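S.K.: Got a structure for you, written out below as structure tokens; questions coming shortly.
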Amino acid sequence: MSFDLRPATSGQDAFATSHYRPISSHLAIAPPVSVVIPAMNEAENLPYVFKTLPDWIHEVVLVDGNSTDNTVEVARELWPDVKVVEQRGKGKGDALITGFNACTGDIIVMVDADGSADGNEIVSYVSALVSGADFAKGSRFANGGGTDDMTFIRKLGNWALCTTVNRKFGARYTDLCYGYNAFWRHCLDKIDLDCTGFEVETLMNIRVVKAGLKVQEIPSHEYLRIHGTSNLRAVRDGIRVLKVILRESSNRRALRSRRHPSPMLDSVRGEVS
Ligand SMILES: Nc1nc2c(ncn2[C@@H]2O[C@H](COP(=O)(O)OP(=O)(O)OP(=O)(O)O)[C@@H](O)[C@H]2O)c(=O)[nH]1
Ligand SMILES: [Mg+2]
């Protein structure tokens, strides 16, 4: 694989006419970056979400889950070029799969619309991808990450499910059910997503390991949802996550990770500002 990576510490003017775009003080990239935002009744939160998105993003794809507020109108006002996709099915997983299919970028970043994710972190995810990772997986529990949003019970559940995934699939994850991740679009062919609900992140995290892709954890801070209430139901969705783990471990697809543990790069401290 070749990488469109070029230092931008000097001679930035020389890049002005090239297809490289500076994304930080020391990095310029060529691959277009798409951001996918699943949103269901998040009109009040969108101003906070869009405010932190970097201006070098190639496109924003907002997947509207039949919102009954003015989510779509607010998105269009805030980001006139936003690509709005109406979701046909139901659930966050269905929304993300719809959004991924609508993306045209080489790199895809998934960001929640409730104001819990800081768009300034995207540069850390993209830096990891252009440096060799296939999948940049956000973690609230890697060194430098954090959460203002999880209760003790949810932390415990996430830890138990994460430990189960690590044992069953030979991964070394510090977080499992987190919605802030980024990846090269070629990963989609290898993970072949087929789920509808909040188990989607778990399924992605398992399938990237099974596919032998290079995963790098990115420390990330999850803020409190700003307005509205969570769509997640801890017990119902925890059971869905557990079912996915059991289904994935029992199906006979090539479990390459068991024989050859997937290469996982060490966690890096992100350039979170
Ligand atoms: N399009 C669409 N978006 C959804 C659906 N369900 C959830 N979302 C979005 O997915 C994101 C995450 O959902 P949340 O309800 O915040 O769930 P969560 O972040 O796992 O849980 P909390 O930590 O409690 O906020 C938000 O941007 C939601 O608007 C859905 O069925 N369709
Ligand atoms: Mg949330």
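Derivation of every value follows stated rules applied to the coordinates shown; laboratory data play no part. Since this is a predicted model, take the numbers as computed values, not measurements. Glycine gets a Cβ as well: all are built from the backbone with ideal geometry, and neighbour counts include every protein chain shown.
S.K.: If you filter region 98-159 for trypsin sites (Lys or Arg not before Pro), then keep DSSP loop positions with at most 10 other Cβ within 10 Å, what is left? Write out the running numbers ahead of the final one.
M.R.: Numbers: sites: K137, R140, R154, K155; in loops: R140.
Sites meeting the loop and neighbour criteria: none at all.
S.K.: On each of the three principal axes of the Cα atoms of the chain, give max minus min coordinate, whole Å, ordered largest first.
M.R.: 54, 46, 32
S.K.: Which pairs in the list K51/K190; K51/K214; K83/K214; K51/K83 are over 25 Å apart, alpha-carbon to alpha-carbon? The partial results should precede the final answer.
M.R.: Values: K51/K190 33 Å; K51/K214 31 Å; K83/K214 30 Å; K51/K83 17 Å.
Beyond 25 Å: K51/K190; K51/K214; K83/K214.
S.K.: Just report the Cα centroid separation between region 50-101 and region 177-196, whole Å.
M.R.: 17 Å
S.K.: Relative contact order (percent) for the chain, with alpha-carbon contacts under 8 angstrom and 6 or more residues of separation? Intermediate values should be presented prior to the final figure.
M.R.: Values: 560 pairs, mean separation 55.7, N = 273.
Once normalised by length, the contact order is 20 percent.
S.K.: Pairwise over distinct Cα atoms, reciprocal of the mean inverse distance: report the Kirkwood radius of region 179-241 in Å, one decimal place. Intermediate values should be presented prior to the final figure.
M.R.: Working: mean 1/r = 0.0734 Å⁻¹.
Roughly 13.6 Å, rounded to one decimal.
S.K.: Please give me, ordered by residue number, the trypsin sites (Lys or Arg not before Pro) of region 46-117 that lie in loop per DSSP and have at most 16 other Cβ atoms within 10 Å.
M.R.: Working: sites: K51, R76, K83, R88, K90, K92; in loops: R88, K90.
Listed in order of number, the matching sites are R88, K90.
S.K.: Pulled fully out, how much extra length does the chain show between N166 and E77, if you take 0.36 nm times their separation in residues and subtract their Cα-Cα distance? List each step's numbers first, then the result.
M.R.: Details: separation 89, 0.36 × 89 = 32.04 nm, distance 4.28 nm.
That pair, N166 and E77, stretches by 27.8 nm at full extension.
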